[in-house]
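Student: After the structure tokens below, expect a handful of questions from me.
Nothing in this text is a laboratory measurement; each read-out follows from the coordinates by a stated rule. Just so we're clear, the structure is a prediction, and the values are computed from it rather than from any experiment. Cβ: placed from backbone, ideal geometry, glycine included. Neighbour counts: every protein chain shown.
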Amino acid sequence: MFNELQGVGLKQTWYDADGIRTRVIEAGSGYPLFLLHGTGGHAEAYSRNIAAHAEHFRVIAYDMVGHGYTDAPDIDYDEQANVDHLRDLMDAMGIESAHLSGESLGGSVAAWFALQYPERVGKLVLNTGLPLSPNTQQGIDQMEDFLARSRKATGTPTRETLAMRMKWLFLEETSLTEELLETRFRIYSQPGRAAAIRKLTERAIGGLIDPANQESWYRPDRLRELKCPTLLLWTHHNPGQPVELARQAAADIPDARVVVLDNSSHWPQWEEPEAFNKAQIEFLLG
């Protein structure tokens, strides 16, 4: 990750987002672009994308509440908590509106933010994640597998258990570098951090496959209310939410398009950074 960021004029900053100390990695100037990682992730998920996007935007990759090095308060980590945190972070940074690009959980959060605060979103990118439950038994099985791996990783956060969890993200296991694994291990080794991530994972992933939760947060009918141009940046190998689900969602969103990448799974921004960067930048500048 250090190699990808060499020569990039970036800074790591902490902001007070309504009492939540929030870590942010910033680079570039221009119209703001927030990068939202997935469940249990952190800002380094975008290490291979920051430099390319910083040529055009003020890039803001941040640790969502409970994640990374951001505070992990004792709260109910539902979608609303994540939406509120993003709103408070934007307020703390003095940003009125921005593009949003969210991966996995970050995509669902970005979509709900755009629904609640349409005036604050320029364009929206949903990267292998959106507020829809899996529509196949295979998808449900894949999410249950991820939840089981996450429980092991947060119950006993060793490099081995974290590696098993992270390999779920990749088409090729070799995509998991030692540097990335070590970064994740250090984050999960913070006092109380693994327990917080376990709690928010149960809420996010458990809720995704729990029919009782779908009336609140996984609502295909609400997608029709999205007002901003939206890109669904997907892969042919995305677990849990296959490309057919993304196409179905795009048909409901008034101004949507779909780009599907071939050589990645749940982290295209990491496994196919050049293709990902090209597709996203072209959409945001178009």
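Student: How far is the Cα center of region 175-195 from the Cα center of region 218-286, in Å?
Tutor: Region 175-195 and region 218-286 have Cα centres separated by 27 Å.
Student: Please list, ordered by chain and number, the residues whose modelled amide H lies under 5 Å from the amide H of THR235; skip anything fewer than 5 residues away on the same chain.
Tutor: LEU261
Student: Between GLU144 and TYR117, how many nm apart are label points set 7 Å from Cα along the C-beta direction?
Tutor: Between GLU144 and TYR117, the simple spin-label model gives 3.7 nm.
Student: Defining a contact as two alpha carbons under 8 Å apart and six or more residues distant in sequence, what relative contact order in percent does the chain show?
Tutor: Details: 576 pairs, mean separation 53.4, N = 286.
Contact order relative to length: 19 percent.
Student: Now for a separate question. Please give every one of the lysines within straight-line cross-link reach of LYS152, meaning a C-alpha to C-alpha distance under 25 Å, and leave out same-chain neighbours fewer than 8 residues apart.
Tutor: Hits, sequence-local ones excluded: LYS167, LYS199.
Student: Given the options GLY240, GLN116, ALA43, identify the residue whose Cα lies farthest towards the positive end of the charge dipole of the chain (+1 on Cβ of Lys, Arg; -1 on Cβ of Asp, Glu).
Tutor: Result: ALA43.
Student: Determine the shape class of region 25-101: with a ≥ b ≥ c the square roots of the Cα gyration tensor eigenvalues, call it rounded for a/c under 1.5, and otherwise prolate if a/b is greater than b/c, oblate otherwise.
Tutor: Values: a/c = 2.40, a/b = 1.49, b/c = 1.62.
Oblate, because a/c is 1.5 or more while a/b does not exceed b/c.
Student: Sticking with this one: Rounded to the nearest 500, what is the chain's calculated 222 nm mean residue ellipticity when only DSSP H runs of at least 4 contribute -39500 (n - 2.57) each, over all residues?
Tutor: Helix-only estimate at 222 nm: -12000 deg cm²/dmol.
Student: Return the long-range amide H neighbours of LEU36 (sequence gap of 5 or more, or a different chain), with a cut-off of under 5 Å between placed amide H atoms.
Tutor: Hits under the 5 Å cutoff: SER101, GLY102, GLU103.
Student: Something else now. If r is the Cβ-Cβ distance from GLU172 to GLU244 and R0 is 25 Å, what FRET efficiency results, to the nearest 0.05?
Tutor: Taking R0 as 25 Å, the efficiency between GLU172 and GLU244 is 0.60.
Student: Sorted by packing (mean other beta-carbon atoms within 10 Å per residue), highest first, where do 192-202, 42-52 land?
Tutor: Order by mean packing, descending: 42-52, 192-202.
Student: With r defined as the distance between the Cβ atoms of THR136 and ASP262 and R0 fixed at 22 Å, what FRET efficiency is calculated, to the nearest 0.05?
Tutor: 0.60
Student: Apply the Karplus curve 6.51 cos²θ - 1.76 cosθ + 1.60, θ = phi - 60°, to the phi angles in region 13-27 and return the couplings in whole Hz, x for Gly and Pro.
Tutor: In residue order, the calculated couplings are 9, 10, 10, 8, 9, 6, x, 9, 6, 10, 7, 10, 10, 10, 7 Hz.
Student: Starting from the Cα of LYS11, step 7 Å along the direction of its Cβ; do the same at LYS227; then give the gap between the two resulting points in nm.
Tutor: Label at LYS11, label at LYS227, 3.3 nm between them.
Student: Mind ordering 27-36, 152-161 by average Cβ neighbours within 10 Å, highest first?
Tutor: Details: 27-36: 20.7, 152-161: 16.7.
Taking the mean over residues of other Cβ atoms within 10 Å, the ranking is 27-36, 152-161.
Student: Would you calculate the separation in nanometres between label points at GLN80 and SER29, each defined as 7 Å from the Cα along the Cα-to-beta-carbon direction?
Tutor: Inter-label distance under the simple model: 4.1 nm.
Student: What ³J(HN,Hα) values, in whole Hz, does the Karplus curve 6.51 cos²θ - 1.76 cosθ + 1.60 give for region 55-66 when θ = phi - 60°, with x put for Gly and Pro?
Tutor: Those phi angles translate into 6, 10, 9, 7, 8, 10, 9, 10, 7, 5, 4, x Hz.
Student: Report the one residue of THR158, PRO134, GLY66 whose Cα lies farthest in the direction of the positive end of the charge dipole of the chain (charges on C-beta: Lys and Arg +1, Asp and Glu -1; origin at the Cα centre).
Tutor: My answer, from the dipole projection, is THR158.
Student: List every residue whose amide H lies under 5 Å from the amide H of LEU130, counting only residues 5 or more places away in sequence or on a different chain, with H placed 1.01 Å from N in the peptide plane.
Tutor: Result for LEU130 returns SER108.
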